[in-house]
Amino acid sequence: MRLIDRKPRIDISKIFKEATGFECKFNIDIENNLPFSSYYVIITKFLIDRAIGTCELPITLDEENEIMRMIDDALYDSELIRALRTAQFMNSSILYRDNEDPVKISFPSLKIRVLYSFPIRIRDDLDNSIIHTLGMIPVKFSEKFSPDLVNLENGLWHSLYSIFSPYTNNWKIIWDLNWATFIEFSNLVEV
């Protein structure tokens, strides 16, 4: 597999016009060192807020949230993006499953740095026991952050996608849409 350094560019002005009928032009250049899915959620919120403010559009917060949901589903239709957007709306870490109420959790603040990404094809042939194990890891993380859980999750990534992870307690593989992204995390601080 090859390593990819991705610097995504999102033409939110075109997407915003299609979603709302409003056109608002402004220039912005934002550097990032975030996983693409997190960057996408943060930057679209920032750009939509900027467009609403710059163009003085009469859009309520509920309408803004609905616009973002429509854009997200039109572009990605992804449980991951819906989870990240819901966490953003709630301003909280959450446990999330599509079509269920999210659960707010307290989670340590992490400083992260993207190391690299691998393209993957999301598998739809996984056994229910694997799905259950994958679903339990975030629940266990919410109870107590543990390097053993990081290694378990990295091991599952290796088993499912042949992605090798060095035995390092502060490197974690995360789902990043059609990518598996390695992050390095540090500065664990209880919130």
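The values are calculated or read from the model by the stated rules, or taken from the named source; none is laboratory data. Since we're looking at a predicted model, the values are computed, not measured. Note: ideal-geometry Cβ built from the backbone for every residue, glycine included; neighbour counts use all protein chains shown. Quick note on the areas: whole protein, heavy atoms, side chains included, nothing else; ligands and nucleic acids left out. Shrake-Rupley method; radii C 1.70, N 1.55, O 1.52, S 1.80 Å.
Tabulated data for the structure shown
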{"read-out": "At most 12 other Cβ within 10 Å, DSSP loop - GluC sites (Glu not before Pro), the range 51-83", "value": "GLU56"}
{"read-out": "Solvent-accessible area of SER37 with every protein chain in place, 1.4 Å probe, in Å² to the nearest 10", "value": "0 Å²"}
{"read-out": "For the range 54-112, with +1 on Lys and Arg beta carbons and -1 on Asp and Glu, the positive-most of PRO108, GLN88, ALA74 along the dipole", "value": "PRO108"}
{"read-out": "Spin-label model distance (nm) - TYR167 vs LEU75, 7 Å beyond Cα toward Cβ", "value": "4.0 nm"}
{"read-out": "Whole-number D in µm²/s for the range 61-191 (Stokes-Einstein; Kirkwood sum over Cα pairs; 25 °C, 0.890 mPa s)", "value": "152 µm²/s"}
{"read-out": "Loop trypsin sites (Lys or Arg not before Pro), the range 101-138, which have at most 12 other Cβ atoms in a 10 Å radius of their Cβ (DSSP)", "value": "ARG121, ARG123"}
{"read-out": "Simple spin-label estimate for LEU57 and SER106 in nanometres, 7 Å along Cα-Cβ", "value": "3.8 nm"}
{"read-out": "Share of carbon and sulfur in the accessible heavy-atom surface of the range 110-187 [1.4 Å probe, %]", "value": "56 percent"}
{"read-out": "Order of exposure, largest accessible area first, which applies to MET68, MET90 with probe 1.4 Å", "value": "MET90, MET68"}
{"read-out": "Sequence of ILE183, ILE42 from largest to smallest accessible area, 1.4 Å probe", "value": "ILE42, ILE183"}
{"read-out": "Mean accessible surface per residue for the range 41-191, computed with a 1.4 Å probe while every protein chain stays in place, in Å²", "value": "59 Å²"}
